[in-house]
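Colleague: Please read through the structure below; I'll follow up with questions.
The values are calculated or read from the model by the stated rules, or taken from the named source; none is laboratory data. If you're wondering where the values come from, they're calculated on a predicted model, not measured in any experiment. Note: ideal-geometry Cβ built from the backbone for every residue, glycine included; neighbour counts use all protein chains shown. All accessible areas refer to the heavy atoms of the entire protein, side chains included, with ligands and DNA or RNA removed. Shrake-Rupley method; radii C 1.70, N 1.55, O 1.52, S 1.80 Å.
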Amino acid sequence: MHNSSSIENPVILLKGVNKWYGDFQALKDINLEIKLKEKIVICGPSGSGKSTLIRCLNRLEAHQEGSIEVCGIELHEKMQDVDIVRQDIGMVFQSFNLFPHLTVIENCMAGPNWVRGIDKNEAKERALSMLKHVKIPEQADKYPEQLSGGQQQRVAIARSLCMQPKVMLFDEPTSALDPEMVSEVLDTMIDLANSGMTMICVTHEMGFARQVADRIIFMDGGEIVEQNTPEEFFNNPQNERTKTFLNQILS
Amino acid sequence: MFVDTVIEDKALHKPVFLLCLSLTVLAIFFAFNFTNTIFGEFLSPVIGNPKESGFFGRLAVSFVLTILFVGNLLLISFARLKIQILIVWIELFFLFLAFAYSFDLEISYIFKNDFICSTESAREKLCIPSKIGLMISKGLFTTIYISAVSIAIATAIAIVGAIAKLSNNGFAYAIASFYTSLFRGLPLLLQIYLIYMGLPQLGFMIDAIPSGIAALSLCYGAYMTEIFRAGIQSIPKGQWEASRALGFKFGLILRKIILPQSIPIIVPPTGNQFIAMLKDSSLVSVLGIWEIMFLAKKLGAKDYNHLEMLLTAAMIYWTLTIILEMIQARIERKYQQKT
């Protein structure tokens with residue numbers, strides 16, 4: 001099934017997705033297609049549904065209507081192997097969510113060793129090389145709480161990468177960081193983008209969006225209001241709501 | 001509690017407080033009237049015959065006691081914290097001993113031989129020369145054996161119970177919540193009777209020791225279920241999400257991520273449960289199990305020397321709990337270092 005999907009086929013395909021929290025509609029008729037190696041930035045005011053959307057992509061949240069397909073497998077309530085799908089989708093959280101009782105290297109080895117069935121030595125090797133990628137191999141034997149926020153987030157990125165995912169999801173990865181640590185995480189993400197990873201990032205970092213994104217998606221009130229290339233999005237926004245948002249965030 | 005950086009003056013070093021304290025203590029000593037005790041004897045050169053000293057004697061004795069008491073506090077207040085704690089511990093311990101001494105006990109009684117040994121078997125009479133020997137070799141061993149087995153079973157029950165209580169499965173939740181409600185809702189003594197006398201009605205003949213262990217495990221398993229449930233629930237949901245996002249399955253998340261993190265939260269209250277269970281194991285004495293409490297009652301009853309044996313049992317229980325507390329503190333320290 002995986003092999004038959006050529007590069008032209010979308011890795012992620014959403015059709016008519018609706019989601020409610022009680023009476024409140026969090027996502028309204030979302031249609032979205034993301035191709036392999038595409039870099040997408042999702043932005044919008046708080047409460048616009050961007051985090052909800054990205055969390056639906058690995059089914060940390062459930063959608064009620066429409067269909068979501070990831071790597072050719074549809075995500076739904078009664079699916080058997082959600083864990084298999086999730087192994088191929090890395091996710092980085094706003095609050096890092098590292099495992100505090102494991103060292104940095106153990107955090108990175110856990111996934112490959114426990115669910116991919118890779119033996120300890122190989123998992124360790126892979127973990128070390130990923131930690132080198134995010135430029136903190138020297139912290140390998142420390143516990144997460146001994147690291148700065150920026151370092152923790154880079155470990156979280158390395159932990160996801162150790163699973164060798166096809167897609168990486170970033171849910172406001174720099175929002176919880178002190179200002180001086182934002183750039184080290186963004187640099188890591190830019191490196192990752194340059195390596196050809198398929199990335200979907202919810203972020204307010206417009207500089208990053210301009211530099212990396214193939215497409216910027218603007219959400220408001222649970223809808224996709226506008227999507228365009230960075231160039232067009234920043235210089236020639238079409239929708240009034242986009243213009244207001246850009247005015248607020250760029251001024 | 002978290003100590004502030006500003007140090008307040010010690011209350012004891014404020015004259016007004018010291019005066020109020022002294023007057024209060026004087027009033028208390030005066031109210032309890034220590035004239036006819038050993039203190040009155042000591043003061044007899046001043047107050048004459050304690051029994052005839054009247055108001056003056058009573059006041060003098062109270063006054064001297066107050067000076068001793070407050071002076072002692074003042075002296076201790078100048079020592080370093082650790083020394084203060086040590087001295088106060090020692091003084092309280094001596095007060096406890098004085099309390100026991102005032103019963104006019106026959107201490108040698110606990111070291112006397114006892115023919116109770118011969119009633120059980122001839123061999124035991126040879127190896128158990130004294131009552132305290134029997135208390136330790138038979139009673140202490142039985143108590144530790146019952147408690148240790150019960151603690152192990154209760155822990156296993158608690159893990160299963162906590163998971164059941166947190167699950168979405170209706171049957172699991174219903175069974176677990178009924179279980180905790182029932183066994184937390186009945187007095188332990190009643191549970192012991194119900195199990196010992198109830199199960200044979202169903203055709204299961206059950207010995208005293210297994211039924212005692214069953215009652216203790218079920219009762220403390222119910223309490224510990226709640227502790228374990230709270231421990232598991234206190235782990236932030238981000239840990240679940242991060243594990244799920246990596247593709248971990250439920251069992252793996254619980255085993256490798258959630259339970260290891262909840263152990264430091266679970267250990268202190270669980271330690272309290274262990275200590276409580278050790279002492280509550282005395283309740284199984286009603287089934288005729290030869291544990292510490294049963295032997296204390298039995299050995300003391302014959303010669304009406306109840307208090308000697310009860311105090312012996314008290315000291316054994318106390319020593320055991322102190323050991324458990326030390327182990328608990330050590331485990332807590334270990335987990336604090338790691339995280």
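Colleague: Is there a simple number for the mean count of other chain Cβ atoms within 10 Å of the Cβ of residues in B:234-243, and what is it?
Modeller: Averaged over the peptide's residues, the number is 5.
Colleague: Restricting to DSSP loop positions (anything but H, G, I, E, B) with no more than 13 other Cβ atoms inside 10 Å of their own Cβ, which chymotrypsin sites (Phe, Trp or Tyr not before Pro) remain in the stretch B:260-320?
Modeller: Here the sparse-neighbourhood loop sites are B:Y304.
Colleague: Give me the angle, in degrees from 0 to 90, between the Cα long axis of helix A:104-114 and the longest principal axis of the Cα atoms of chain A, rounded to the nearest 10.
Modeller: Value to nearest ten degrees: 80.
Colleague: Let me ask you something else. Which whole-angstrom value gives the distance between the alpha carbon centres of the stretch A:32-55 and the stretch B:159-216?
Modeller: Value for the Cα centre distance between the two parts: 52 Å.
Colleague: If I take all pairs of Cα atoms in the stretch B:11-102, what percentage of them are more than 21 Å from each other?
Modeller: Distances greater than 21 Å cover 43 percent of the Cα pairs.
Colleague: Kirkwood hydrodynamic radius for the stretch B:220-284: how many Å is it when counted over pairs of different Cα atoms?
Modeller: 13.1 Å
Colleague: Before I look further, what does the stretch B:11-102 give for accessible area per residue, probe 1.4 Å, in whole square angstrom?
Modeller: 73 Å²
Colleague: Taking GluC sites (Glu not before Pro) as exposed when DSSP calls them loop (any state but H, G, I, E, B) and at most 11 other Cβ atoms lie within 10 Å, what is the longest stretch of chain A free of them, the sites themselves excluded?
Modeller: It works out to A:78-251.
Colleague: From the backbone phi of the stretch A:235-250, what are the Karplus-calculated ³J(HN,Hα) couplings (6.51 cos²θ - 1.76 cosθ + 1.60, θ = phi - 60°) in whole Hz, Gly and Pro given as x?
Modeller: Result, rounded to whole Hz: 8, 9, x, 8, 8, 4, 5, 5, 4, 4, 4, 5, 4, 5, 7, 9.
Colleague: Do the alpha carbons of any pairs in A:K37/A:K120; A:K19/B:K256; A:K142/B:K334; A:K50/B:K256 sit beyond 24 Å of each other, and which pairs?
Modeller: A:K37/A:K120; A:K19/B:K256; A:K50/B:K256
Colleague: Which of A:K78/A:K135; B:K249/B:K279; B:K51/B:K82; A:K28/B:K237; A:K39/A:K243 have a Cα-Cα distance over 32 Å?
Modeller: The pairs that break the limit, which is 32 Å between Cα atoms, are A:K78/A:K135; B:K249/B:K279; B:K51/B:K82.
Colleague: Please report the projected area of the protein assembly as shown's Cα convex hull averaged over all directions, in nm².
Modeller: 42.6 nm²
Colleague: DSSP loop GluC sites (Glu not before Pro) in the stretch B:1-62 with at most 16 other Cβ atoms within 10 Å of their Cβ, which ones?
Modeller: Sparse-neighbourhood loop GluC sites (Glu not before Pro): B:E8.
Colleague: Oh, and also: Would you mind listing how long the stretch B:45-89 runs along its three principal axes, going by Cα atoms, in whole Å with the largest first?
Modeller: Projected onto the principal axes, the Cα atoms of the stretch B:45-89 cover 45, 15, 15 Å.
Colleague: Once the dipole of the protein assembly as shown is set up with Lys and Arg at +1 and Asp and Glu at -1 on Cβ about the Cα centre, which of B:S243, B:F30, A:G207 lies farthest towards its positive end?
Modeller: B:F30
Colleague: Right, something else. Pop out the Kirkwood hydrodynamic radius of chain B from its pairwise C-alpha distances, inverse of mean 1/r, in Å to one decimal.
Modeller: In chain B this quantity evaluates to 25.1 Å.
Colleague: Report, in whole Å, the centroid distance computed from the Cα atoms of the stretch B:302-339 and the stretch A:127-153.
Modeller: Between the Cα centres of the stretch B:302-339 and the stretch A:127-153 lies a distance of 45 Å.
Colleague: Antiparallel as a % of all DSSP beta bridges within the protein assembly as shown, to the nearest 5?
Modeller: Roughly 55 percent of the DSSP beta bridges within the protein assembly as shown come out antiparallel.
Colleague: log₁₀ I(q)/I(0) of chain A at q = 0.12 Å⁻¹, via Debye over equal Cα point scatterers, no solvent, to two decimals?
Modeller: -0.71
Colleague: Working from Cα positions, state the angle (0 to 90°, nearest 10) between the long axis of helix A:179-194 and the longest principal axis of chain A.
Modeller: Once rounded, the angle reads 90 degrees.
Colleague: Taking chain B as the reference, fit the longest principal axis to its C-alpha atoms, fit the long axis of helix B:15-32 to the helix C-alpha atoms, and give the angle between the two in degrees, 0 to 90, nearest 10.
Modeller: Its long axis makes an angle of about 80 degrees.
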